[in-house]
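Contents: one structure, followed by commentary.
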Amino acid sequence: MMYAVTVSEFGGPEVLKYVEVSMPLVKTDHLLIKVEATSVNFADVKARYGNKDRQPPFIPGLDVAGTIVEVGEGVEDFQVGQRVIAFPQGGSYAEYVVAHTNLTFEIPANVDFTTAAACPIVSFTSYKLLADVGRMTRGDAVLVHAAAGGIGTTAIQLAKLLGASTVIGTVSKEEKVATTLEAGADFVINTSKENFVAKVLEITQEKGVDLILDSIAGRVTEQSLLCLAKYGRLVNFGNASGETATIQTADLTASCRSILGFSFGTTRKHRPETVRDTANKVFEFLENGSLKIVIGEKFPLEEAGKAHKLMEDRGSKGKILLIPPTSTIV
Ligand SMILES: NC(=O)c1ccc[n+]([C@@H]2O[C@H](COP(=O)([O-])OP(=O)(O)OC[C@H]3O[C@@H](n4cnc5c(N)ncnc54)[C@H](OP(=O)(O)O)[C@@H]3O)[C@@H](O)[C@H]2O)c1
């Protein structure tokens with residue numbers, strides 16, 4: 001048996017229960033991993049409120065860092081004792097998880113468990129959004145919404161590392177401005193005080209930005225098109241607002257602009273082979289210290305509900321980690 005957090009029914013943070021459950025079973029081509037830390041992603045909050053994918057009770061969570069304690073039949077490239085990050089199958093808010101070898105990656109020697117646990121979803125997703133889907137090139141001006149968050153602080157750094165000329169972030173609260181500047185943004189717009197469209201046009205001398213990372217959807221997507229340059233790309237990869245946007249084709253044709261979509265979940269499921277290449281690129285930045293994952297808070301696994309509340313109240317900065325009682329992380 002092991003301890004895990006389950007979504008007991010769909011609802012608020014209080015439905016997260018810390019309970020004893022059976023250990024997951026190791027199958028062919030899978031690994032059993034003892035979890036040192038797992039991270040909270042906004043997708044976990046959405047999953048807790050309910051979607052068509054899973055019915056309660058289930059263990060939420062997408063990514064872990066830990067140590068391999070058992071290998072399944074057919075496994076050749078991994079050994080017991082190896083430090084890895086992984087995207088497990090049955091949820092990550094647990095003391096032990098099982099993951100397929102094609103979604104497990106050895107942690108570079110000089111990267112500690114804390115950074116490793118905070119990085120998987122945010123760094124892999126950010127890299128794919130910028131380099132692959134958003135086709136960022138050197139000299140591009142980039143706008144990142146929810147810039148002080150896990151994805152935001154990581155995407156800002158990666159945009160700079162990939163050669164962005166200007167990175168602009170939006171945040172909803174004054175206390176998030178410093179975090180966003182520390183991540184490397186050239187400008188931060190507090191949307192509770194300023195109109196981000198007017199400010200972006202002012203910063204870019206009316207040209208607009210070349211790439212927008214939009215995890216908000218709805219009105220924010222519609223307004224973002226008002227400050228997207230000719231040939232610009234807007235990548236929508238989330239709907240934190242819970243709204244949908246209406247797009248006019250006339251807004252795209254003559255201006256040669258594109259609206260793109262991306263889901264790392266879909267990519268893990270349908271194109272897992274593309275994730276290893278992304279991991280190698282991101283690990284280079286982590287190993288040489290040029291990418292520093294911003295960690296805002298650590299909570300004991302048992303207090304996952306508090307962590308969720310902080311995130312959905314828009315109070316979190318950087319990543320939130322959950323630490324199981326059996327972890328060596330203090
Ligand atoms: N498609 C993918 O593969 C993928 C992968 C990872 C993440 N995502 C998406 O990327 C976004 C960021 O994820 P994250 O895990 O790094 O979370 P996060 O940015 O650390 O936290 C979510 C942030 O969203 C912003 N937000 C805007 N409207 C909100 C609302 N109505 N309620 C709550 N928050 C709101 C808040 O920032 P402000 O208060 O500063 O606006 C909040 O801090 C999420 O929307 C997530 O779903 C997508």
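The values are calculated or read from the model by the stated rules, or taken from the named source; none is laboratory data. None of these values were measured; they are calculated from a predicted model. Using ideal geometry, Cβ is built from the backbone for each residue, glycine included, and neighbour counts are taken over all protein chains shown.
No other residue among PHE299, PHE285 is surrounded by 15 or more Cβ atoms within 10 Å (Cβ to Cβ) and assigned to a helix (DSSP H, G or I) apart from PHE285.
Taking the criterion of being on the phi > 0 side of the Ramachandran plot and either crowded, with 16+ Cβ neighbours inside 10 Å or modelled with pLDDT under 95 (or both), the only residue of segment 181-207 that qualifies is GLY184. Within segment 183-194, being of a type in the set (Asp, Glu) and out of contact with any Ser or Thr (no Cβ under 8 Å at 6 or more places or on another chain) holds for one residue alone: GLU194.
Set side by side, the residues ALA250, ALA279, ALA245, ALA254 differ, and just one is more than 13 Å from the ligand (Cβ to nearest atom) and in contact with a Phe, Trp or Tyr (Cβ under 6 Å, 6 or more places away or on another chain), which is ALA279.
Per the listing VAL98, VAL64, VAL84, VAL142, the residue uniquely surrounded by 24 or more Cβ atoms within 10 Å (Cβ to Cβ), under 21 Å from LEU301 (Cβ atoms) and either out of contact with any strand residue (DSSP E or B) (no Cβ under 6 Å at 6 or more places or on another chain) or hydrophobic (A, V, I, L, M, F, W, C) (or both) is VAL64. When PRO325 is tested against the conditions (1) away from the ligand (no atom under 14 Å from the Cβ); (2) of a type outside the set (A, V, I, L, M); (3) at pLDDT below 95, the lone failure is (3).
Scanning segment 39-60 for residues that are within 12 Å of the ligand (Cβ to nearest atom) and of a type in the set (D, E, K, R) yields a total of 2.
Candidates ILE329, ILE320: the one that is part of a loop (DSSP other than H, G, I, E, B), surrounded by 13 or more Cβ atoms within 10 Å (Cβ to Cβ) and β-branched (Val, Ile, Thr) is ILE329. The residue list LEU201, LEU181 contains one member that is away from the ligand (no atom under 15 Å from the Cβ) and not in a strand (DSSP E or B), which is LEU201. The criterion of at least 1 residues that are of a type in the set (Gly, Ala, Ser) is met by the following strands (runs of 3 or more DSSP E) wholly inside segment 74-124: 83-86, 96-100. Pairing each residue of segment 131-159 that is on the phi > 0 side of the Ramachandran plot and among the charged types (D, E, K, R) with any residue that is within 12 Å of the ligand (Cβ to nearest atom) and in a loop (DSSP other than H, G, I, E, B), provided the two are 6+ apart or on different chains, yields no C-beta distance under 8 Å. Only residues that are assigned to a loop (DSSP other than H, G, I, E, B) and not hydrophobic (A, V, I, L, M, F, W, C) were counted across segment 6-56, and they come to 17.
Just one of the listed residues (GLY232, GLY218) is within 13 Å of the ligand (Cβ to nearest atom) and over 16 Å from the mean Cα position of the chain (by Cα), and it is GLY218.
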